[in-house]
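Got a structure here, written out as C-alpha cells. Questions coming.
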Amino acid sequence: MSYYGWHAYVPVAEKRRQAERKLAKLKKQGRSVAPVRIEGRTITKSFWGRSWCVNLERYSDYENRLPRGRTYVRNGSVIDLQIAKGEISAMVAGAELYQIKIVIAPVTRARWKSICRDCAGTVDSLVELLQGRLAKGVMDRVCREGDGLFPSPTEIKLSCSCPDWADMCKHVAAALYGVGARLDEKPQLLFVLRDVDETEMLASAGQDSPLTTAPGAAKVLDEGDVAALFGLEMAETPHTPNPAFTVSKRPQQSKAQKGKISARKTKRAAKTDVALHRATRASSGMKKTTRASARKRRTRGCPDRC
C-alpha cells in the first residue's frame, strides 16, 4: 500500500488473474454471478450497446474516470453485473472486491408517452425495435439527449465501496460500460432499467399505423385491373340491372282470365279467316270477268278469225 493509503499498482495481467480467482471463489460459494466478457478491444457491437456508451461519454461529469473504466471492463474485472428495475448492482475486482450500486430514476410517464407518440406509425415490429433496425429518425428520437430513453447524470446516483472520493470512480465506470456490453446480449434490459414497457410503443404505433385503416376508394383495384396486372382470366360478374331502368313484370293471370283471352283470340282469328275468304272470292270473280272481256275484244278486233 502506498503512503496515501492507496494500493500499489497491479499490472493488467495480474488483475485478470485476480478477477478469475475471485469469480471462481464466488461460484464455489454457490452465488449466482453474471460476469461481463469482452472479446477484443471493442466493448459494444449492437445499436443499443453503442448508444448507451455514447450517452455516457456525452456528459463532462464522467469524462475523468471513463477511460479507466473501459480498461477495467476489458480486463474482465466486472465479475458480476445485475440489471433490475431502476437499479444496477455489480462487483468489480480491483485491489479488493468492490460493491457497486447505481440507482437510475425511471422515465417519467409524460416523457415515455411523448416518445411513443413521436414514434407512432413507424414501429410495427418489436424484434426490429430491440435490434435497432428501425428508421434512423425513430432511433434518434428514442436516443435523444434530454428527453430520450437514456438517463442523464441528474437521473443517476452512484456508489462504490472503494476509497475513491469521486462518485464516478473507475469501478463504477467499468460497471456502466458493462451495462452497454450486456445490452448487446439483452437489449430489453434497457426498458426494464427505465421501468417502461416496450410493448406500449408497439401498441401506440399499431393504432396509427396505415395498415389498420381502410383503404381509400382510389387505392382499390378493379377486377379488370387485377386481371391485366397478373394476366388472369377472371369469371365475368353477372350484370345486375339498375332498378331505375327495370321494366316491371305483368301480374300473374288466373286460369279464368287466360281462358277469356284465348276465346277472344279465337274469335278474332275466325273473323280474320272469313274476311280473307271473301277477299279471295272477290279477287277470283274479277279475274273471270277480265278474261271474258278480253275474249270479246279479241273477237271484235279480228274478223278473219270468225
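The values are calculated or read from the model by the stated rules, or taken from the named source; none is laboratory data. Computed from a prediction, not measured in an experiment: that's the story for all the values here. Cβ sites come from the backbone with ideal geometry, for glycine too, and all protein chains shown count toward neighbours. These accessible areas exclude ligands, DNA and RNA; they are computed on the full protein's heavy atoms, side chains included. Shrake-Rupley method; radii C 1.70, N 1.55, O 1.52, S 1.80 Å.
What pairs can you find where one residue is in the range 35-52 and in contact (Cβ under 8 Å) with a residue 12 or more places away in the chain, the other is open to solvent by 50 Å² or more (accessible area, probe 1.4 Å) and part of a loop (DSSP other than H, G, I, E, B), and their Cβ atoms are less than 8 Å apart, with a gap of 6+ or different chains?
So the pair list comes out as Phe47/Arg133.
Could you check the range 74-99 and list, in sequence order, the residues that are more than 16 Å from Lys27 (Cα to Cα) and crowded, with 23+ Cβ neighbours inside 10 Å?
Within the range 74-99, just Ile88 meets the criteria.
Determine the pairs where a residue that is of a type in the set (S, T, N, Q), located within the range 136-153, has a partner that is assigned to a helix (DSSP H, G or I) and surrounded by 18 or more Cβ atoms within 10 Å (Cβ to Cβ) with Cβ atoms under 9 Å apart, the partner being 6 or more residues away or on another chain.
Ser152/Asn55
State the number of residues belonging to the range 141-172 that are under 38 Å from the mean Cα position of the chain (by Cα) and open to solvent by less than 40 Å² (accessible area, probe 1.4 Å).
Here the count works out to 11.
Give the residue, chosen from Ala84, Ala90, Ala120, Ala95, that is more than 30 Å from Glu200 (Cα to Cα) and touching a residue at least 12 places away in the same chain (Cβ under 8 Å).
One residue alone meets the criteria, Ala95.
In the range 31-63, how many residues are more than 17 Å from Arg141 (Cα to Cα), among the charged types (D, E, K, R) and assigned to a loop (DSSP other than H, G, I, E, B)?
Residues meeting the conditions: 6.
Let me ask something else. Scan the range 116-133 and tell me whether some residue there is closer than 30 Å to Ala174 by Cβ and either in contact with a strand residue (DSSP E or B) (Cβ under 9 Å, 6 or more places away or on another chain) or among the basic types (Lys, Arg) (or both).
Yes: the range 116-133 contains one or more residues that are closer than 30 Å to Ala174 by Cβ and either in contact with a strand residue (DSSP E or B) (Cβ under 9 Å, 6 or more places away or on another chain) or among the basic types (Lys, Arg) (or both).
Identify, from the list Ala19, Ala105, Ala110, the residue that is surrounded by 13 or more Cβ atoms within 10 Å (Cβ to Cβ), small (Gly, Ala, Ser) and free of Cβ contacts under 8 Å to residues at least 60 places away in the same chain.
Ala105
Consider Val138 against the criteria (1) open to solvent by 60 Å² or more (accessible area, probe 1.4 Å); (2) modelled with pLDDT under 95: it satisfies all of them except one. Which criterion is unmet?
(1)
Output yes when any residue across the range 194-209 is at pLDDT below 95, farther than 30 Å from Lys101 by Cα and open to solvent by 70 Å² or more (accessible area, probe 1.4 Å), and no when none is.
Checked against the condition, which is being at pLDDT below 95, farther than 30 Å from Lys101 by Cα and open to solvent by 70 Å² or more (accessible area, probe 1.4 Å), the range 194-209 yields at least one hit.
For the range 90-139, what are the residues that are in a strand (DSSP E or B) and of a type outside the set (A, V, I, L, M, F, W, C)?
Matches in the range 90-139: Tyr98, Gln99, Lys101.
Can you tell me which of Leu221, Leu229 is modelled with pLDDT under 50, exposed (fewer than 10 other Cβ atoms within 10 Å of the Cβ) and over 30 Å from Ala90 (Cα atoms)?
The match here is Leu229.
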